[in-house]
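Student: I have a structure here, written as structure tokens, and I will follow up with some questions on it.
What follows draws every value from the coordinates through simple rules; no lab data is involved. In this text the structure is predicted, and so the values were computed from the model without any measurement. No Cβ is skipped: glycine too gets one built from the backbone with ideal geometry, and neighbour counts run over all protein chains shown.
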Amino acid sequence: MKDRIRTDLLDLMQVPGLSGHEDRVRRAIRDRLGEVGVKADTDRLGNLVAHFPGDGPSVMLFTHMDQLGFIVRRIEADGLIRLERLGGVPERALAAQEVLICVGEGRDVPGVIANKSHHATAPDEKYRVTPYSEVFVDTGLASAEAVEATGIQIGSPVVYAPHARALADDRIMGTSVDDRAGCAVLLEMARLLNARTSGPPVHLAFSVQEEFNLRGALPLAQKLRPDIAIQLDLMLATDTPDMGARGDMFLGGGPGMSLYSFHGRGTLNGVIPHPAMVHLFDDTARAQGIPLQRSAQVGVLTDLSYVQLVGDGVAAVDMGFPMRYSHSAREVCDLNDLVSLTQLLDAALARIGPDFSLDRDDYT
Ligand SMILES: [Zn+2]
């Protein structure tokens, strides 16, 4: 299982899929699903979903396949390119990053985000972060005409240059571990669900535009009207010196469950998980001997926040894997957490039978 997840993850990290431009990632995932005999449908926004029939409350198990990045805002006469941000891009981590301007498979244009020459950096500039308005990309092309001849236009999608590398001790480093790691886990879940003989109905979905507006999965949830929604994404690892006070989440320490997420800056949303889901995952982890880490974070948010509000309300929980250096071009996760997350999900789904209660009074 670990080798399959490693291969899927390293491969998917190499496929650019900016929010709203997920088509290449969707095709790559659909091809892999097809290889194991799982048929998947696409809706108008580009969400990809596979259905596994069963008995009991229906489950939407989903993860986002898009990634954050940029959009070309302006092409200067000298060929330098100005960017608009798409998603929570950290300005602090942009200088000297390689990017890829996506104009079509085989025709993408590499570039680099400029970092002012050190020899010309004044003392008061040394600790200053360059704001987006001043950021520019150098593709090597020296005029607007040359840039446009490659197919680059205002509105072209731009991502961190895809990069995927195995580090020591089963750790994976590179671009869009958030959330291709979730996609790799769901691909493994598709293999398991395809081979099972009993269990609840499961809609396995790869959602779009999570990094953009968190609402790409909404039409899918409105159509499926699931009883239960389980979302997979990163959990903030707090085991580096800069993160210690934020929590107790260790890379390699096992999967994570979010007990509280909230985002107040304009979004005003979050998830307080349904008690049936918290009990389910606590009990399953204990029975399986899988260490389950807990997360409670303000400033973290997923598309589950909107999915939970559909229909009569959906019993929801955010599950995930610890990850370091979120939204930078070099995120890090641990394969063993992805394996144990898969095992936990598989065992938890098997416990959702026709009598599984979503009545909150049964859990007080
Ligand atoms: Zn994510």
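Student: Between Ala146 and Glu35, what is the label-point separation in nm under the 7 Å Cα-to-beta-carbon projection?
Tutor: 4.0
Student: Let me ask something additional. Express in nm, to one decimal, how much length is gained between Glu84 and Lys116 on full extension, taking 0.36 nm for each residue of separation and deducting their alpha carbon distance.
Tutor: Stretched fully, the Glu84-Lys116 segment lengthens by 9.6 nm.
Student: Sticking with this structure for a sec: Where is the GNM fluctuation largest for the chain (alpha-carbon springs, 10 angstrom cutoff): Met60, Met243, Met277?
Tutor: In this elastic network of the chain, the residue with the biggest mean-square fluctuation among Met60, Met243, Met277 is Met243.
Student: Per the helix-only calculation at 222 nm, which mean residue ellipticity applies to the chain, given -39500 (n - 2.57) for every DSSP H run of n ≥ 4 and division by its residues, nearest 500 deg cm²/dmol?
Tutor: About -8000 deg cm²/dmol.
Student: How big is segment 74-152 on each of its three principal axes, counting only the C-alpha atoms and giving the largest first in Å?
Tutor: For segment 74-152, the Cα extents along the three principal axes come out at 40, 27, 18 Å.
Student: What aspartates and glutamates sit close enough to Lys116 to cross-link, taking a C-alpha to C-alpha distance under 14 Å and skipping anything fewer than 8 places away on the same chain?
Tutor: Counting by Cα, and skipping residues close in sequence, Lys116 has these aspartates and glutamates nearby: Asp124, Glu125, Glu134, Asp138.
Student: How big is the Rg/Rh ratio for the chain, C-alpha atoms only, Rh by Kirkwood, two decimals?
Tutor: 0.99
Student: If the reach is capped at under 16 angstrom between alpha carbons, list the aspartates and glutamates near Lys39, excluding any in the same chain fewer than eight residues apart.
Tutor: Qualifying aspartates and glutamates at Cα under 16 Å: Asp31, Glu188.
Student: Based on Cα coordinates alone, diagonalise the gyration tensor for segment 142-217, multiply each eigenvalue by 5, take square roots, and list the semi-axes in whole Å, largest first.
Tutor: 36, 20, 11
Student: Place the peptides 26-34, 300-308, 146-154, 356-364 in order of packing, highest mean first, counting for every residue the other Cβ atoms within 10 Å and averaging per peptide.
Tutor: Output ranking for 26-34, 300-308, 146-154, 356-364: 300-308, 26-34, 146-154, 356-364.
Student: At 7 Å along Cα-to-Cβ for each site, give me the label-to-label distance between Leu309 and Arg4 in nm.
Tutor: Result: 3.7 nm between the two label points.
Student: Follow-up. Under the rule a/c < 1.5 gives rounded, and otherwise a/b versus b/c splits prolate from oblate, where does segment 280-335 land using the Cα gyration tensor?
Tutor: Note, shape of segment 280-335 comes out oblate.
Student: Mind jotting down the distance between the C-alpha centroids of segment 279-347 and segment 190-256, whole Å?
Tutor: Centre-to-centre (Cα) distance: 5 Å.
Student: Ratio of segment 205-364's C-alpha Rg to 2.2 N^0.38 Å, to two decimals?
Tutor: For segment 205-364, the normalised Cα radius of gyration comes out at 1.02.
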